[in-house]
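> This is the structure, below, for whatever I ask next.
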Amino acid sequence: FIFQNNQKLIYNDVRKFGFLKILDILNLRKNAHLRDLGPEPFEKNCNFNYFKKYIKGRNRNIKNILMDQKFISGLGNIYVNEALFLSGINPQRKVKKLKNSEISIIIQNLKKVLKTAIRFGGSSIKDFSSSDGKSGIFQQHFRVYGREGEKCSNIDCNMNITKTVISSRATFFCRKCQK
């Protein structure tokens, strides 16, 4: 799309998940694809109280919950893997077993990972590039994602990174560092 000020909007959907819709702003919240989205990670209401209330009574694992766009919108598989590693939380842990301190750490590390990824221009796995054509370099800083069989990046750990599948998504973690 070329706009009057000669700026361009480029739509590139490598994995074929997306679509474009033109909506009247007054009907935005009525749209089926938008009305059920949870808060974005940097929104004020994406906090400990929201997290705690959402998971109450649920028996799902933490990876599955974090990937649920109805809970928090915008979290992708790579960033969830990385945040859970930094938090020391096994992606298969049931949310009902999380301590309050662990919930706080997860929230903190989700934001930390996202800020770092933004600073490095995102992750260029395959052919992603930003609007100015630059590839992201966050993938050079992955601690677990895509590192199956490699030594854990924690200095005091001698285990290798494990890969499993949770909710049809590749999941990478360290069995020793993530409890």
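The values are calculated or read from the model by the stated rules, or taken from the named source; none is laboratory data. Predicted model only: the values in this text are computed from it and were never measured. Note that each Cβ is placed from the backbone with ideal geometry, even for glycine, and that neighbours are counted across all protein chains shown. Heavy atoms of the whole protein, side chains included, go into the accessibility calculation; ligands, DNA and RNA do not. Shrake-Rupley method; radii C 1.70, N 1.55, O 1.52, S 1.80 Å.
> Do the conditions hold for Lys8, that is, is it of a type outside the set (Ser, Thr, Tyr), open to solvent by 60 Å² or more (accessible area, probe 1.4 Å) and farther than 20 Å from Lys112 by Cβ?
yes
> Suppose the filter is within 27 Å of Ile107 (Cα to Cα), free of Cβ contacts under 8 Å to residues at least 24 places away in the same chain and either open to solvent by 100 Å² or more (accessible area, probe 1.4 Å) or not small (Gly, Ala, Ser) (or both); does Lys53 pass it?
yes
> Something else: List pairs: first in the stretch 1-26 and more than 27 Å from Ser124 (Cα to Cα), second part of a loop (DSSP other than H, G, I, E, B) and open to solvent by less than 100 Å² (accessible area, probe 1.4 Å), Cβ under 9 Å, 6+ apart or cross-chain?
Leu23/Asn31; Leu23/Leu34
> I'd like to know if the stretch 86-99 contains one or more residues that are of a type in the set (Gly, Ala, Ser) and assigned to a loop (DSSP other than H, G, I, E, B).
Within the stretch 86-99 (the criterion being of a type in the set (Gly, Ala, Ser) and assigned to a loop (DSSP other than H, G, I, E, B)), the answer is yes, since at least one residue qualifies.
> Additional query: Can you tell me which of Ile65, Ile118 is in a helix (DSSP H, G or I) and open to solvent by 40 Å² or more (accessible area, probe 1.4 Å)?
Among Ile65, Ile118, only Ile118 is in a helix (DSSP H, G or I) and open to solvent by 40 Å² or more (accessible area, probe 1.4 Å).
> Can you find, within the stretch 163-174, the residue that is least open to solvent (accessible area, probe 1.4 Å) among those that are touching a residue at least 60 places away in the same chain (Cβ under 8 Å) and in a loop (DSSP other than H, G, I, E, B)?
From the stretch 163-174, those touching a residue at least 60 places away in the same chain (Cβ under 8 Å) are 164, 166-167, 169-174; that's our starting set.
Those still in the list that are in a loop (DSSP other than H, G, I, E, B) too: 167, 174.
Numbers: Ser167: 70, Cys174: 0 Å².
Step by step, filter the stretch 163-174, then rank; the result is Cys174.
> Okay, next question. Restricting to the stretch 15-50, and then to whatever is open to solvent by 80 Å² or more (accessible area, probe 1.4 Å) and not in a loop (DSSP other than H, G, I, E, B), can you tell me which residue is modelled with the lowest pLDDT?
The selected residue is Arg29.
> To continue, here is another question. Before we move on, is Arg58 of a type in the set (D, E, K, R) and within 24 Å of Gln108 (Cβ to Cβ)? Steps first, please.
Values: of a type in the set (D, E, K, R): yes; within 24 Å of Gln108 (Cβ to Cβ): yes.
So Arg58 fits the description; yes.
> Any residue that is within 27 Å of Ile107 (Cβ to Cβ) and among the charged types (D, E, K, R) - is there at least one of those in the stretch 17-25?
No, the conditions are met nowhere in the stretch 17-25.
> Something else about it: Select from the stretch 129-162 the residues that are basic (Lys, Arg) and open to solvent by 90 Å² or more (accessible area, probe 1.4 Å) and list them in ascending order.
Selection gives Lys134, Lys151.
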